[in-house]
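Visitor: Can you read through this structure? Questions will come right after.
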Amino acid sequence: GPGGIGKTRTALEILKRAKNRSWTGAWLGNSALSEDVTQQWRLWLHQLPAGSRVLLVVDYAETRQVMLLQLLESAYEVLMEKAKAASDMRVHVLCLAREAAWWDTLKDSPECSTLMRDCLGGASNWGHAPLPPWAAADRSSAFQEALKDFAKALRMDPPERLDLPDLSSSMYERPLFIHLAALAVLTEESQIGDRESMAQSLLKHEFSYWQSLFYDVSLSYEDWADVLAWLALAGGSSKEELRNAVTAIGVKTPRFTEAMAGFYSGSSEGLVAPLQPDILSDALLRMQLGKGRGRLLMKLAFESAGNLPNVLSALSRMPCTHSADFKSIAEAAPQWQWTTVEGLAEAWSKHWKAMSESRRLLGRPFLLWLLVSWCRLPAEQQNSLADRLGFQSGAAFTAEIKGEIDQTKPRLANMPASNEAVAHAFAGVTTDQRLHGDRMWLDETLPYAGGAADFSRQITREQQASHLPAVMPAMSVLISRSKEGEHEHETVADLTSAVNNDEEALAEVVTHTHGVEYGSYECVEGHQPGHPQFYDPTQRFSNVKSPGDMNTEEE
């Protein structure tokens with residue numbers, strides 16, 4: 001699910017419960033990692049006693065697919081060796097990721113061995129489980145609880161007069177934003193606006209708290225923020241790397257490196273970690289890349305080849321607003337996007353091989369950055385790099401990246417009706433638009449949305465018990481967002497018609513799965529029969545009785 005939906009906290013709770021049941025837990029975070037992590041994993045598994053049950057959580061799994069495959073293969077080999085020695089062991093791997101399409105195609109990647117391809121295609125692959133958005137009814141109590149807990153932890157009194165933020169906003173479908181809003185209200189005693197204003201408020205609080213602890217370290221906010229932005233790009237660093245970066249950025253404050261290393265210590269000894277949570281770190285990075293040292297931060301991040309996977313991973317989490325021909329950032333895009341694409345364009349000459357190899361691993365956001373930055377290169381440089389990459393021309397490489405962008409979309413037209421993952425994928429794409437509050441995927445989503453409507457109707461009519469209610473609300477979201485933009489009226493009209501025409505199929509589903517006549521329930525105000533949101537009968541009806549209160553006819 002998207003950032004802030006609760007992946008990390010859910011995984012930590014799972015690890016806690018597993019430990020209580022005598023499992024051995026391990027966490028592979030997003031901090032800087034040594035190159036021999038796979039070997040360390042293998043040795044660690046060998047050292048565990050017979051009968052061990054292991055749960056490994058891999059964070060940002062979609063950005064480290066090669067490492068994930070190596071870890072899985074190592075675990076499989078260790079299990080086979082222990083089985084020969086009559087030593088039983090179980091290993092479960094839980095991956096956390098912001099989107100799911102990469103998991104379905106992992107077995108088809110060039111780095112996947114035949115052994116792992118069979119494993120990922122078999123019963124040991126449990127698929128993916130999207131975390132649901134936070135229910136509107138639970139948000140107020142969650143906000144109040146967070147406010148009370150933060151006040152206790154910070155030894156502060158809650159505000160005497162409290163104006164709740166608009167918790168009905170889609171931003172608060174992610175619990176982390178509810179908690180961040182509570183902290184912002186507590187520290188600022190002010191109304192919270194959008195995500196950027198909330199991030200600015202919390203960063204200001206973070207800096208004030210940092211100053212209160214290191215009052216003898218004289219430092220400006222911009223110096224502090226630029227160093228944290230570099231750490232966000234680098235994914236963490238050693239203390240020595242941090243000291244070099246601080247010097248290169250131009251911060252001359254004595255003891256600053258030691259203070260930062262002590263305050264933002266990583267999970268491994270000697271490492272300095274980025275600001276947490278990631279959503280706050282990403283917001284800080286966007287802000288600082290748009291300021292005076294933005295180009296310098298990009299240059300410093302790309303100077304170390306060891307940092308490159310983390311740098312590209314950090315960039316893949318940020319939206320790229322490109323022009324229609326992919327040759328530039330859109331004119332109205334913020335300054336940080338221009339800084340990012342220029343930094344990537346400069347990095348091609350030094351990191352061409354690694355950047356090319358990573359294009360299949362980081363998903364569509366990074367592919368867009370890659371394509372726009374490639375199109376910024378002079379034709380001579382494109383052709384020179386294309387020759388090294390094994391392409392006849394720069395245009396051929398451009399075509400391949402565009403092709404890979406297309407391949408990351410759900411292939412609705414070619415999928416069998418029984419493949420529920422397709423509908424989940426489409427619903428996820430459009431829901432993510434609503435959660436993020438932008439239209440960066442709108443132009444690319446519209447062309448295959450009609451296919452999604454046809455696909456949904458096919459599932460509805462042919463496999464009523466497998467009907468997926470999430471698709472039609474997602475279509476509704478897409479339609480409403482399309483009407484907000486400047487898109488072809490015919491496209492939106494066709495899409496609206498496709499959704500409305502699904503009413504007949506809906507009637508069949510309701511009758512088949514609930515044993516009632518379509519339209520016999522009174523709907524929640526604003527959700528009338530025929531509206532796409534009517535597709536979730538377990539949540540949208542206001543007068544549904546519990547089974548014990550129903551007679552046979554009603555049931």
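Visitor: If you scan segment 202-222, which residues turn out to be open to solvent by less than 30 Å² (accessible area, probe 1.4 Å), within 29 Å of the chain's Cα centre (by Cα) and over 18 Å from Gly266 (Cα atoms)?
Guide: Selection gives Leu202, Leu203, Phe207.
Visitor: Restrict the check to segment 129-138 and report whether at least one residue is on the phi > 0 side of the Ramachandran plot, under 23 Å from the mean Cα position of the chain (by Cα) and surrounded by fewer than 18 Cβ atoms within 10 Å (Cβ to Cβ).
Guide: No, every residue in segment 129-138 fails to be on the phi > 0 side of the Ramachandran plot, under 23 Å from the mean Cα position of the chain (by Cα) and surrounded by fewer than 18 Cβ atoms within 10 Å (Cβ to Cβ).
Visitor: Would you confirm whether any residue within segment 132-144 is in contact (Cβ under 8 Å) with a residue 24 or more places away in the chain and under 30 Å from Ser52 (Cβ atoms)?
Guide: Looking through segment 132-144, none of the residues is in contact (Cβ under 8 Å) with a residue 24 or more places away in the chain and under 30 Å from Ser52 (Cβ atoms).
Visitor: Specify the residue that is nearest to Ser197 (Cα to Cα); the eligible residues are those in segment 273-330 that are at pLDDT below 90 and basic (Lys, Arg).
Guide: Only one residue fits best here, namely Arg317.
Visitor: OK, next. Can you list residue pairs whose Cβ atoms sit under 9 Å apart, with the first residue in segment 59-80 being on the phi < 0 side of the Ramachandran plot and the second being among the basic types (Lys, Arg) and open to solvent by less than 10 Å² (accessible area, probe 1.4 Å)? Count only pairs 6 or more apart in sequence or on different chains.
Guide: Final answer for the pair search is none.
Visitor: Checking the structure you have, find out if any residue of segment 14-37 is more than 25 Å from Leu180 (Cβ to Cβ), of a type in the set (Asp, Glu), open to solvent by 30 Å² or more (accessible area, probe 1.4 Å) and assigned to a helix (DSSP H, G or I).
Guide: no
Visitor: Which one is nearest to Tyr60 (Cα to Cα) among residues in segment 312-338 that are outside any loop (DSSP other than H, G, I, E, B), out of contact with any Asp or Glu (no Cβ under 8 Å at 6 or more places or on another chain) and open to solvent by less than 20 Å² (accessible area, probe 1.4 Å)?
Guide: Ranking the candidates gives Ser313 first.
Visitor: For Leu180, are the conditions met, namely being within 18 Å of Pro274 (Cα to Cα), open to solvent by 10 Å² or more (accessible area, probe 1.4 Å) and not in a loop (DSSP other than H, G, I, E, B)?
Guide: yes
Visitor: Give the residues of segment 91-102 that are open to solvent by 40 Å² or more (accessible area, probe 1.4 Å) and more than 18 Å from Ala11 (Cα to Cα), sorted by residue number.
Guide: Ala101, the sole residue that qualifies.
Visitor: Ok, one more. Scan segment 232-255 and report the pairs whose first residue is in contact (Cβ under 8 Å) with a residue 60 or more places away in the chain and closer than 23 Å to Ala314 by Cα and whose second residue is open to solvent by 40 Å² or more (accessible area, probe 1.4 Å) and among the β-branched types (Val, Ile, Thr), with Cβ atoms within less than 9 Å and a gap of 6+ or a chain change.
Guide: none
Visitor: What pairs come up if the first residue lies in segment 152-171 and is touching a residue at least 40 places away in the same chain (Cβ under 8 Å) and closer than 14 Å to Arg195 by Cα, the second is part of a loop (DSSP other than H, G, I, E, B) and open to solvent by 60 Å² or more (accessible area, probe 1.4 Å), and their beta carbons are under 9 Å apart, counting only those six or more places apart or on different chains?
Guide: Close Cβ pairs satisfying both conditions: Ser170/Pro133; Met171/Asp194.
Visitor: Applying the selection to segment 57-81, what residues are over 23 Å from Leu312 (Cβ atoms) and open to solvent by less than 20 Å² (accessible area, probe 1.4 Å)?
Guide: Ser74, Ala75, Val78
Visitor: Still on this structure, please answer the following. How many of the residues in segment 103-124 are open to solvent by less than 50 Å² (accessible area, probe 1.4 Å), in contact with a helix residue (DSSP H, G or I) (Cβ under 8 Å, 6 or more places away or on another chain) and either more than 17 Å from Glu404 (Cβ to Cβ) or of a type in the set (Ser, Thr, Tyr) (or both)?
Guide: Qualifying residue count for the region: 5.
Visitor: When you check Arg53 against the structure, is it out of contact with any Gly (no Cβ under 6 Å at 6 or more places or on another chain), basic (Lys, Arg) and surrounded by fewer than 19 Cβ atoms within 10 Å (Cβ to Cβ), yes or no?
Guide: So Arg53 fits the description; yes.
Visitor: Scan segment 252-306 residue by residue and report those that are part of a loop (DSSP other than H, G, I, E, B) and either at positive phi or aromatic (Phe, Trp, Tyr) (or both).
Guide: Passing the criteria: Arg255, Tyr264, Gly270.
Visitor: For residues in segment 350-382 being closer than 26 Å to Leu106 by Cβ, open to solvent by 40 Å² or more (accessible area, probe 1.4 Å) and not hydrophobic (A, V, I, L, M, F, W, C), which is modelled with the highest pLDDT?
Guide: Lys353
Visitor: Let me ask something else. Restricting to segment 249-262, what's the tally of residues that are at pLDDT 85 or above, surrounded by 15 or more Cβ atoms within 10 Å (Cβ to Cβ) and out of contact with any strand residue (DSSP E or B) (no Cβ under 7 Å at 6 or more places or on another chain)?
Guide: 5
The values are calculated or read from the model by the stated rules, or taken from the named source; none is laboratory data. No experiment lies behind these values; they were computed from the predicted model shown. Cβ: placed from backbone, ideal geometry, glycine included. Neighbour counts: every protein chain shown. When the accessible area is computed, the model is the full protein with side chains, heavy atoms only, and any ligands, DNA or RNA have been set aside. Shrake-Rupley method; radii C 1.70, N 1.55, O 1.52, S 1.80 Å.
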